[in-house]
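Reviewing the structure listed below.
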Amino acid sequence: MIRPLLLLHSACALGLLAMAGCMQPVDPDRGAERPPPRSAPPGAPDGTCWDRHISPAIIETVTMQVLVQPEQRDASGTLIQPAVFRTETRQDIVRPRSESWLEITCPVDMTPDFIASLQRALTVRGHYTGTVTGKMDRDTRLAVLSYQRRNGLESQSLSLDSARSLGLISVMR
């Protein structure tokens with residue numbers, strides 16, 4: 001009899017924990033729920049969707065030999081003592097870390113019909129070889145990346161510019 005009661009209490013506790021995880025944090029100064037953090041650059045218009053793109057720094061390791069003591073020769077040019085070198089290794093930042101914002105197609109617009117059209121458009125351009133499923137799966141994301149790379153954009157999120165150039169959305173929006 002005690003076991004079912006313990007299980008019931010455990011299930012209730014788990015349910016309460018799950019519900020607590022869904023609640024918005026409370027601002028102690030106002031006592032009200034805080035809005036979720038905005039995932040857009042400052043000044044972005046409402047109703048637009050954005051993806052933050054972080055390019056990691058590129059660091060190059062440079063190893064070189066540095067002369068510590070030059071070689072020594074006698075008057076006839078015979079080597080008395082060879083040169084002494086020391087190996088020095090340092091790291092140079094070739095490209096610093098950068099952060100940029102990319103305006104993307106909003107998730108609400110990414111319907112199965114839209115994604116199927118995206119897959120067909122990428123197929124015609126030679127970037128997608130999979131089956132048209134209407135699902136944003138791994139192959140579709142990789143095809144989006146392949147298509148966008150030709151414009152120097154390293155992202156699997158479909159940018160608005162790419163969606164327009166594929167003829168998926170109107171130019172004026």
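The values are calculated or read from the model by the stated rules, or taken from the named source; none is laboratory data. Remember, predicted model here, so these are calculated numbers, not experimental data. Cβ placement follows ideal geometry from the backbone for every residue including glycine, while neighbour counts extend to all protein chains displayed.
Key figures
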{"item": "Residue that is surrounded by 14 or more Cβ atoms within 10 Å (Cβ to Cβ) and either among the charged types (D, E, K, R) or touching a Gly at 6+ places or on another chain (Cβ under 9 Å) (or both), where the choices are Asp113, Asp92, Asp139", "result": "Asp139"}
{"item": "Filtered residue count, the stretch 113-142, keeping only those that are more than 15 Å from Ile169 (Cα to Cα), in a helix (DSSP H, G or I) and charged (D, E, K, R)", "result": "3"}
{"item": "Residues of the stretch 43-75 that turn out to be of a type in the set (D, E, K, R) and either more than 30 Å from Met110 (Cβ to Cβ) or in the same structural domain as Ser159 (by TED's automatic domain parsing) (or both), as a count", "result": "4"}
{"item": "Residues satisfying the stated conditions in the stretch 143-159, i.e. part of a helix (DSSP H, G or I) and loosely packed, with under 15 Cβ neighbours inside 10 Å", "result": "Arg149"}
{"item": "Residues of the stretch 127-161 that turn out to be at pLDDT 95 or above and of a type in the set (Gly, Ala, Ser), as a count", "result": "3"}
{"item": "Test: Thr123 is outside the structural domain of Leu160 (by TED's automatic domain parsing), out of contact with any Leu (no Cβ under 9 Å at 6 or more places or on another chain) and modelled with pLDDT of 95 or more", "result": "no"}
{"item": "Residue list for the stretch 56-112, filter: touching a Leu at 6+ places or on another chain (Cβ under 8 Å), assigned to a strand (DSSP E or B) and not basic (Lys, Arg)", "result": "Gln72, Val84, Phe85, Leu102, Glu103, Ile104"}
{"item": "Pairs where the first residue, in the stretch 133-153, is among the small types (Gly, Ala, Ser) and the second is surrounded by 19 or more Cβ atoms within 10 Å (Cβ to Cβ), C-beta under 7 Å, 6+ apart", "result": "Gly134/Ile115; Ala143/Leu122; Ala143/His127; Ala143/Tyr128; Ser146/His127"}
